[in-house]
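Below is one structure; the comments refer to it alone.
The values are calculated or read from the model by the stated rules, or taken from the named source; none is laboratory data. Remember, it's a predicted structure, so these values are computed and weren't measured experimentally. Glycine also receives a Cβ, built like all others from the backbone with ideal geometry; neighbour counts cover every protein chain displayed.
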Amino acid sequence: MADRLAGKVAVITGGTSGIGEATAELFVSEGARVVICGRSVEKGQAVADRLGENCQFVIADITQETDIKKTIDAAVTAFGRLDILFNNAGGPTHGLVDAVEEEAILYATRLLFSSAALAMKYAIPFMREVGGGVIINNSSVAALRDNQGDLVYSAVKAALTHYSKLAGVRLGPDGIRVNCISPGAIATPIFWGGSARANTLSDEENNKKMQKLQANLAKATPLKFSGLAMDIAHGALFLASDEGRFINCHDLVVDGGRTSMFNEPG
(Lines give C-alpha, C1' and ligand atoms only; values in the text may rest on other atoms or scores of the structure.)
Protein backbone atom coordinates (compact mmCIF):
# COMPACT_ATOMS: atom_id res chain seq x y z
CA MET A 1 0.00 0.00 0.00
CA ALA A 2 1.07 3.59 -0.52
CA ASP A 3 -0.16 7.05 0.41
CA ARG A 4 -1.74 5.77 3.61
CA LEU A 5 -1.37 9.26 5.09
CA ALA A 6 -2.18 11.29 1.98
CA GLY A 7 -3.50 14.74 2.91
CA LYS A 8 -2.58 14.35 6.57
CA VAL A 9 -0.41 16.70 8.62
CA ALA A 10 1.68 15.31 11.47
CA VAL A 11 3.82 16.65 14.29
CA ILE A 12 6.62 14.40 15.53
CA THR A 13 8.51 15.52 18.62
CA GLY A 14 12.09 14.38 18.94
CA GLY A 15 12.17 13.95 15.19
CA THR A 16 15.87 14.66 14.60
CA SER A 17 17.22 11.14 15.14
CA GLY A 18 16.33 7.56 16.00
CA ILE A 19 12.66 6.62 16.16
CA GLY A 20 11.44 10.14 15.43
CA GLU A 21 13.58 10.50 12.31
CA ALA A 22 12.57 7.06 11.03
CA THR A 23 8.90 7.87 11.60
CA ALA A 24 9.17 11.22 9.83
CA GLU A 25 10.77 9.53 6.85
CA LEU A 26 8.06 6.86 6.70
CA PHE A 27 5.20 9.33 7.16
CA VAL A 28 6.49 11.56 4.36
CA SER A 29 6.87 8.53 2.08
CA GLU A 30 3.22 7.72 2.79
CA GLY A 31 2.00 11.16 1.74
CA ALA A 32 1.99 13.11 4.99
CA ARG A 33 3.33 16.60 5.55
CA VAL A 34 5.38 16.57 8.72
CA VAL A 35 6.78 19.00 11.25
CA ILE A 36 9.58 17.64 13.41
CA CYS A 37 11.06 19.33 16.43
CA GLY A 38 14.19 18.97 18.50
CA ARG A 39 17.04 20.91 20.09
CA SER A 40 19.72 20.34 17.47
CA VAL A 41 19.35 22.84 14.63
CA GLU A 42 22.05 21.18 12.56
CA LYS A 43 20.59 17.69 12.85
CA GLY A 44 16.96 18.77 12.55
CA GLN A 45 17.49 20.91 9.49
CA ALA A 46 19.50 18.13 7.86
CA VAL A 47 16.59 15.73 8.30
CA ALA A 48 14.09 18.27 6.95
CA ASP A 49 16.31 19.05 3.95
CA ARG A 50 16.70 15.35 3.18
CA LEU A 51 12.96 14.69 3.33
CA GLY A 52 12.09 17.69 1.18
CA GLU A 53 9.31 20.23 1.07
CA ASN A 54 6.87 18.05 2.98
CA CYS A 55 8.99 18.17 6.13
CA GLN A 56 9.79 21.22 8.24
CA PHE A 57 11.95 21.53 11.32
CA VAL A 58 11.19 23.61 14.41
CA ILE A 59 13.82 24.10 17.08
CA ALA A 60 12.19 23.29 20.40
CA ASP A 61 12.87 22.05 23.91
CA ILE A 62 9.86 19.91 24.78
CA THR A 63 10.36 20.46 28.49
CA GLN A 64 9.21 24.04 27.86
CA GLU A 65 5.49 24.63 27.33
CA THR A 66 6.06 27.66 25.10
CA ASP A 67 8.17 25.55 22.74
CA ILE A 68 5.54 22.84 22.66
CA LYS A 69 2.83 25.30 21.67
CA LYS A 70 5.19 26.87 19.11
CA THR A 71 5.69 23.50 17.43
CA ILE A 72 1.97 22.72 17.18
CA ASP A 73 1.20 26.21 15.87
CA ALA A 74 4.03 25.93 13.32
CA ALA A 75 2.47 22.84 11.77
CA VAL A 76 -0.90 24.51 11.34
CA THR A 77 0.69 27.68 10.00
CA ALA A 78 2.81 25.77 7.50
CA PHE A 79 0.31 23.17 6.33
CA GLY A 80 -3.12 24.47 7.36
CA ARG A 81 -4.28 21.68 9.66
CA LEU A 82 -3.22 19.00 12.15
CA ASP A 83 -4.24 15.34 11.99
CA ILE A 84 -1.53 13.36 13.76
CA LEU A 85 0.59 13.96 16.85
CA PHE A 86 3.41 11.55 17.72
CA ASN A 87 4.83 12.45 21.13
CA ASN A 88 8.12 10.68 20.66
CA ALA A 89 10.70 12.91 22.36
CA GLY A 90 12.31 11.61 25.50
CA GLY A 91 15.55 10.41 27.00
CA PRO A 92 17.13 8.67 29.97
CA THR A 93 16.42 9.69 33.55
CA HIS A 94 17.90 8.56 36.84
CA GLY A 95 16.57 7.78 40.29
CA LEU A 96 17.12 5.20 43.04
CA VAL A 97 14.30 4.32 45.40
CA ASP A 98 16.40 5.07 48.48
CA ALA A 99 18.22 8.10 47.06
CA VAL A 100 15.88 9.76 44.57
CA GLU A 101 16.09 13.53 44.34
CA GLU A 102 13.19 15.89 43.77
CA GLU A 103 14.81 17.47 40.72
CA ALA A 104 15.18 14.05 39.08
CA ILE A 105 11.47 13.42 39.55
CA LEU A 106 10.50 16.85 38.23
CA TYR A 107 12.82 16.57 35.21
CA ALA A 108 11.53 13.10 34.29
CA THR A 109 7.97 14.31 34.58
CA ARG A 110 8.59 17.32 32.35
CA LEU A 111 10.53 15.30 29.78
CA LEU A 112 8.43 12.16 29.57
CA PHE A 113 4.93 13.04 30.75
CA SER A 114 3.98 16.71 30.78
CA SER A 115 5.59 17.27 27.36
CA ALA A 116 3.13 14.78 25.87
CA ALA A 117 0.14 15.96 27.90
CA LEU A 118 0.74 19.59 26.95
CA ALA A 119 1.28 18.80 23.28
CA MET A 120 -2.04 16.97 23.34
CA LYS A 121 -3.70 20.00 24.91
CA TYR A 122 -2.55 22.28 22.11
CA ALA A 123 -3.21 19.75 19.34
CA ILE A 124 -6.76 18.81 20.31
CA PRO A 125 -8.51 22.05 19.21
CA PHE A 126 -6.97 21.78 15.74
CA MET A 127 -7.95 18.13 15.46
CA ARG A 128 -11.50 18.96 16.44
CA GLU A 129 -11.60 21.54 13.65
CA VAL A 130 -10.95 18.85 11.04
CA GLY A 131 -13.30 16.30 12.59
CA GLY A 132 -10.81 14.09 14.39
CA GLY A 133 -7.23 12.95 14.58
CA VAL A 134 -4.73 10.52 16.00
CA ILE A 135 -2.45 10.95 19.01
CA ILE A 136 0.35 8.47 19.65
CA ASN A 137 2.47 8.64 22.78
CA ASN A 138 5.79 6.83 22.85
CA SER A 139 5.92 4.92 26.13
CA SER A 140 8.12 1.94 27.02
CA VAL A 141 8.12 -1.67 28.16
CA ALA A 142 9.64 -0.18 31.32
CA ALA A 143 6.06 0.84 32.13
CA LEU A 144 5.03 -2.82 32.15
CA ARG A 145 7.68 -4.74 34.07
CA ASP A 146 10.75 -4.44 36.24
CA ASN A 147 14.38 -4.20 35.15
CA GLN A 148 13.73 -2.36 31.88
CA GLY A 149 14.75 1.10 33.03
CA ASP A 150 15.44 3.03 36.17
CA LEU A 151 12.73 3.49 38.77
CA VAL A 152 11.71 7.06 37.94
CA TYR A 153 11.74 6.50 34.17
CA SER A 154 9.60 3.37 34.53
CA ALA A 155 7.06 5.01 36.83
CA VAL A 156 6.64 8.10 34.64
CA LYS A 157 6.27 5.98 31.50
CA ALA A 158 3.57 3.96 33.30
CA ALA A 159 1.76 7.21 34.01
CA LEU A 160 1.97 8.15 30.33
CA THR A 161 0.53 4.80 29.24
CA HIS A 162 -2.40 5.13 31.61
CA TYR A 163 -2.97 8.77 30.67
CA SER A 164 -3.12 7.77 27.00
CA LYS A 165 -5.84 5.22 27.66
CA LEU A 166 -7.93 7.62 29.74
CA ALA A 167 -7.51 10.38 27.16
CA GLY A 168 -8.70 8.02 24.43
CA VAL A 169 -11.93 7.45 26.33
CA ARG A 170 -12.55 11.16 26.71
CA LEU A 171 -11.58 12.15 23.17
CA GLY A 172 -13.15 9.25 21.31
CA PRO A 173 -16.48 11.08 20.86
CA ASP A 174 -14.54 13.84 19.06
CA GLY A 175 -13.14 11.33 16.60
CA ILE A 176 -9.69 11.57 18.19
CA ARG A 177 -7.98 8.24 18.85
CA VAL A 178 -5.26 8.09 21.51
CA ASN A 179 -2.85 5.18 21.72
CA CYS A 180 0.68 4.57 22.85
CA ILE A 181 3.58 2.45 21.68
CA SER A 182 5.85 0.61 24.12
CA PRO A 183 9.18 -0.17 22.47
CA GLY A 184 11.65 -2.64 23.88
CA ALA A 185 15.21 -3.56 22.86
CA ILE A 186 15.32 -0.96 20.09
CA ALA A 187 18.81 -0.09 18.88
CA THR A 188 19.18 3.70 18.72
CA PRO A 189 22.00 6.14 19.64
CA ILE A 190 20.24 6.96 22.91
CA PHE A 191 22.10 3.99 24.42
CA TRP A 192 25.46 5.74 24.00
CA GLY A 193 24.45 9.25 24.90
CA GLY A 194 21.74 10.23 22.43
CA SER A 195 21.94 12.09 19.14
CA ALA A 196 24.19 14.82 20.58
CA ARG A 197 26.84 12.26 21.52
CA ALA A 198 26.42 10.36 18.24
CA ASN A 199 27.00 13.56 16.28
CA THR A 200 30.48 13.89 17.81
CA LEU A 201 31.56 10.46 16.55
CA SER A 202 32.60 9.40 13.07
CA ASP A 203 30.28 7.27 10.94
CA GLU A 204 32.63 4.34 11.48
CA GLU A 205 32.54 4.76 15.26
CA ASN A 206 28.75 5.03 15.30
CA ASN A 207 28.42 1.96 13.07
CA LYS A 208 30.65 -0.06 15.39
CA LYS A 209 28.63 1.01 18.42
CA MET A 210 25.37 0.18 16.64
CA GLN A 211 26.58 -3.29 15.65
CA LYS A 212 27.69 -4.03 19.20
CA LEU A 213 24.42 -2.70 20.59
CA GLN A 214 22.32 -4.80 18.21
CA ALA A 215 24.26 -7.91 19.21
CA ASN A 216 23.68 -7.21 22.91
CA LEU A 217 20.00 -6.36 22.52
CA ALA A 218 19.44 -9.48 20.45
CA LYS A 219 19.95 -11.47 23.64
CA ALA A 220 16.97 -9.68 25.21
CA THR A 221 14.27 -11.10 22.92
CA PRO A 222 13.04 -14.59 22.00
CA LEU A 223 13.56 -13.64 18.35
CA LYS A 224 17.30 -13.22 18.94
CA PHE A 225 17.61 -10.00 16.98
CA SER A 226 17.21 -6.41 18.09
CA GLY A 227 14.49 -4.03 17.07
CA LEU A 228 15.28 -0.99 14.94
CA ALA A 229 13.82 2.50 14.84
CA MET A 230 11.87 1.60 11.70
CA ASP A 231 10.03 -1.15 13.60
CA ILE A 232 8.49 1.50 15.84
CA ALA A 233 7.88 3.79 12.86
CA HIS A 234 5.80 1.09 11.17
CA GLY A 235 3.78 0.67 14.37
CA ALA A 236 3.14 4.40 14.45
CA LEU A 237 2.11 4.35 10.78
CA PHE A 238 -0.42 1.59 11.43
CA LEU A 239 -1.94 3.48 14.36
CA ALA A 240 -1.98 6.78 12.45
CA SER A 241 -3.54 5.41 9.27
CA ASP A 242 -7.11 4.37 8.54
CA GLU A 243 -6.01 0.76 9.01
CA GLY A 244 -6.00 1.51 12.73
CA ARG A 245 -9.33 3.32 12.71
CA PHE A 246 -10.88 1.04 15.37
CA ILE A 247 -7.86 1.02 17.68
CA ASN A 248 -8.17 3.38 20.64
CA CYS A 249 -6.89 3.43 24.24
CA HIS A 250 -4.36 0.75 23.30
CA ASP A 251 -0.73 0.14 24.22
CA LEU A 252 1.03 -1.38 21.21
CA VAL A 253 3.99 -3.33 22.57
CA VAL A 254 6.78 -3.67 19.99
CA ASP A 255 9.47 -5.66 21.79
CA GLY A 256 10.01 -8.97 19.99
CA GLY A 257 8.41 -10.82 22.90
CA ARG A 258 10.67 -9.28 25.53
CA THR A 259 7.91 -8.68 28.07
CA SER A 260 7.01 -12.38 28.02
CA MET A 261 10.46 -13.41 29.22
CA PHE A 262 11.31 -13.87 32.87
CA ASN A 263 13.00 -11.02 34.71
CA GLU A 264 16.74 -11.34 34.95
CA PRO A 265 18.32 -11.24 38.38
CA GLY A 266 18.64 -7.62 39.21
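Restricting to region 102-113, and then to whatever is aliphatic (A, V, I, L, M) and surrounded by 15 or more Cβ atoms within 10 Å (Cβ to Cβ), can you tell me which residue is nearest to residue 163 (Cα to Cα)?
Pass one, region 102-113, residues aliphatic (A, V, I, L, M): 104-106, 108, 111-112.
This time we only want the ones that are surrounded by 15 or more Cβ atoms within 10 Å (Cβ to Cβ), so: 104-105, 108, 111-112.
Numbers: 104: 21, 105: 18, 108: 16, 111: 15, 112: 12 Å.
Of everything passing the filter in region 102-113, 112 is nearest to residue 163 (Cα to Cα).
Looking at region 27-84, which of the residues that are surrounded by fewer than 24 Cβ atoms within 10 Å (Cβ to Cβ) and of a type in the set (Ser, Thr, Tyr) is modelled with the lowest pLDDT?
Checking each candidate, the answer is 40.
Give region 122-139 a look and list any residue that's part of a loop (DSSP other than H, G, I, E, B) and either surrounded by fewer than 22 Cβ atoms within 10 Å (Cβ to Cβ) or free of Cβ contacts under 8 Å to residues at least 40 places away in the same chain (or both), or say none. Even if it seems obvious, please write down each step before you answer.
Of region 122-139, the ones part of a loop (DSSP other than H, G, I, E, B) are 130-132, 139.
Residues satisfying the conditions are 130, 131, 132.
Scan (1) within 18 Å of the chain's Cα centre (by Cα); (2) under 21 Å from residue 114 (Cα atoms) for the single condition residue 21 breaks and write down its number.
(2)
Only one of these is among the small types (Gly, Ala, Ser) and buried (at least 21 other Cβ atoms within 10 Å of the Cβ): 142, 158, 99. Name it. Full working, then the answer.
On the way: 158 fails: buried (at least 21 other Cβ atoms within 10 Å of the Cβ); 99 fails: buried (at least 21 other Cβ atoms within 10 Å of the Cβ).
Exactly one of 142, 158, 99 is among the small types (Gly, Ala, Ser) and buried (at least 21 other Cβ atoms within 10 Å of the Cβ), namely 142.
(1) closer than 22 Å to residue 239 by Cα; (2) more than 16 Å from the chain's Cα centre (by Cα); (3) aromatic (Phe, Trp, Tyr): which one isn't true of residue 86, the others all being true?
(2)
Sort out for me the helices (runs of 4 or more DSSP H) sitting completely within region 141-250 that have 1 or more residues that are modelled with pLDDT of 85 or more. Break it down into steps so the answer makes sense when it comes.
Numbers: elements: 151-171, 194-199, 203-218, 229-240.
Qualifying helices (runs of 4 or more DSSP H): 151-171, 203-218, 229-240.
Among the residues of region 75-85, is any closer than 26 Å to residue 141 by Cβ, touching a helix residue (DSSP H, G or I) at 6+ places or on another chain (Cβ under 8 Å) and touching a residue at least 12 places away in the same chain (Cβ under 8 Å)?
To start, the set of residues in region 75-85 that are closer than 26 Å to residue 141 by Cβ comprises 84-85.
Adding the requirement that they be touching a helix residue (DSSP H, G or I) at 6+ places or on another chain (Cβ under 8 Å) leaves 84-85.
Add one more test, that the residue is touching a residue at least 12 places away in the same chain (Cβ under 8 Å), and what stays is 84-85.
Yes - at least one qualifying residue is present in region 75-85.
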